[in-house]
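The values are calculated or read from the model by the stated rules, or taken from the named source; none is laboratory data. Bear in mind that the values here come from a model prediction, so they are computed numbers and not experimental data. No Cβ is skipped: glycine too gets one built from the backbone with ideal geometry, and neighbour counts run over all protein chains shown.
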Amino acid sequence: MGPRVPETSDVVIIGGGVIGCAIAHRLAVRGVRTTVVDAGQRLGLGASDAAMGGILTQTEPACLGPLSVVVKRSRDLYPLWLGEVAEISGIRVPVLNGGDIQVALDEAEMERLETKVLPRWKNSPFAVERLTAADARSLEPLLSERVVGGFLLPEELALDPRVLMAALATAVLSGSTPIRVLSAVRATGLRTGPRGVEVELHDGRRVSAEQAVVAAGHLSGVFLPRHRDHLFPIKGVAFDVRPPGAVTYPLRHHIFAEITEDGREYFPYLVPRHDGRVAVGVTYEENVGDVTVTTAAIEEIRRGVAALMPKAATWPVGRRWAGLRPGSADHMPIIGHVDDHGRVVAATGHSGLGVTLAPVTAELVAALVTRTADARDEELLAVCRPDRLLARRS
């Protein structure tokens, strides 16, 4: 047994990204003493730092099935949650509330949206508005002349995940909450028993607590042996562009399309930032675990953007990055107890919906940890329950 880190906590959280920090903040509000263990030099340097920043209600297909009730709760929580974080951190997170425009560049894609996607949108708890080509270009004049129509998803939001993480990290580190942070410390193991948990650290130390929360993104399988086969990285590449002279939102919506050209598929996604930049992406590579930004990925994105919004393809490129989304076998999060002693809670597998689902994940995990889950919480937890994937494997 290695030496223990002084001062035990009520809860130890493995992972200091948007999910881990959101949980730490929510537990602190409830007075729970928490230790956050994160391998990065500062909080939020993993998937959270590479996120696009869409707060999605319908764009992502996973939002349109059983997960829709969880997404709805998170979307409802967002304004109050950001206000709470801002009050503690002093950092306001700008939010673009124009919604998402999903457009079609040919009649075949428009037919697909109308016959296959629109019925699912209508079955979700969120609004949808049909757009003619003229409607779409009146909302975003820089859209390609090839646009034949589309849909507005007005309840989707967008923000800069780096600003969100700065606010969350400042709140977590503020000293006004019962949170201890161990940065640049890699967790290597997790032991659980009837009396509590121990997290093993790379330097031989151990952190003891009554309960543990595993929010380690695509690496969560290291600490969740029963779910190791259900978790995997999903690589995504993106980059920033800036319209010349732009100092505030250069677009009023975030914009998405699915495009097929020359037998290849492109999924251009443009997310405007409050400081004049536009994040553009994004690639999707399951079971790819490196964060190399390749020329091929950049070119794939550029071709899609050029088709969707030709002017945007000429804007100067700034930061380029790659991140690893924490994927799960059915693209829905894993939230719930995973050990025989009721001491370990998983909060992972968000598959690109980490920013979207951070508020509700924090709320549900806090309810589990404090054993205060009500009927509404139980309904949402049933959707995300970890054992669903064990049954799927069987």
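Remarks
- Options Ile55, Ile101; residue that is among the hydrophobic types (A, V, I, L, M, F, W, C), more than 24 Å from Arg26 (Cα to Cα) and in contact with a strand residue (DSSP E or B) (Cβ under 7 Å, 6 or more places away or on another chain): Ile101
- Odd one out for Gly221 among (1) in contact (Cβ under 8 Å) with a residue 40 or more places away in the chain; (2) surrounded by 19 or more Cβ atoms within 10 Å (Cβ to Cβ): (1)
- In region 66-94, the residues that are among the hydroxyl-bearing types (Ser, Thr, Tyr) reach residues that are crowded, with 19+ Cβ neighbours inside 10 Å and not in a helix (DSSP H, G or I) with C-beta atoms within less than 6 angstrom, at least six apart or across chains, in these pairs: Ser68/Ser124.
- Checked against the criterion of being surrounded by 18 or more Cβ atoms within 10 Å (Cβ to Cβ), farther than 26 Å from Val383 by Cβ, modelled with pLDDT of 95 or more and not polar (S, T, N, Q), the candidates Gly304, Gly323, Gly336, Gly327 yield just one match: Gly304.
- The residue of region 26-52 that is modelled with the lowest pLDDT, among those that are of a type outside the set (A, V, I, L, M, F, W, C) and touching a strand residue (DSSP E or B) at 6+ places or on another chain (Cβ under 8 Å), is Gly46.
- Selection within region 200-218: residues that are of a type outside the set (Asp, Glu) and assigned to a loop (DSSP other than H, G, I, E, B). The member of this set that is surrounded by the fewest Cβ atoms within 10 Å (Cβ to Cβ) is Gly204.
- Against the numbered list (1) in contact with a Leu (Cβ under 7 Å, 6 or more places away or on another chain); (2) buried (at least 18 other Cβ atoms within 10 Å of the Cβ), Leu67 comes up short only at (1).
- The numbered conditions (1) in contact (Cβ under 8 Å) with a residue 40 or more places away in the chain; (2) closer than 19 Å to Pro154 by Cα are all true for Val241 except (2).
- Residue list for region 134-168, filter: among the small types (Gly, Ala, Ser) and buried (at least 24 other Cβ atoms within 10 Å of the Cβ): Ala136, Gly150, Ala158
- Failed criterion for His227 (all others in (1) touching a strand residue (DSSP E or B) at 6+ places or on another chain (Cβ under 7 Å); (2) assigned to a strand (DSSP E or B); (3) modelled with pLDDT under 95 hold): (2)
- Selected residue (criterion: surrounded by the most Cβ atoms within 10 Å (Cβ to Cβ)) from residues of region 96-110 that are of a type in the set (Asp, Glu) and without any contact (Cβ under 8 Å) to a residue 60 or more places away in the chain: Asp106
- Cβ pairs under 8 Å, 6+ apart, first in region 316-339 and closer than 16 Å to Ala47 by Cα, second acidic (Asp, Glu): Arg319/Asp240; Arg320/Asp240; Trp321/Asp49; Ala322/Asp290; Gly323/Asp49; Gly327/Glu286
- Scanning region 64-85 finds no residues that are charged (D, E, K, R), assigned to a loop (DSSP other than H, G, I, E, B) and assigned by TED's automatic domain parsing to the domain that holds Leu201.
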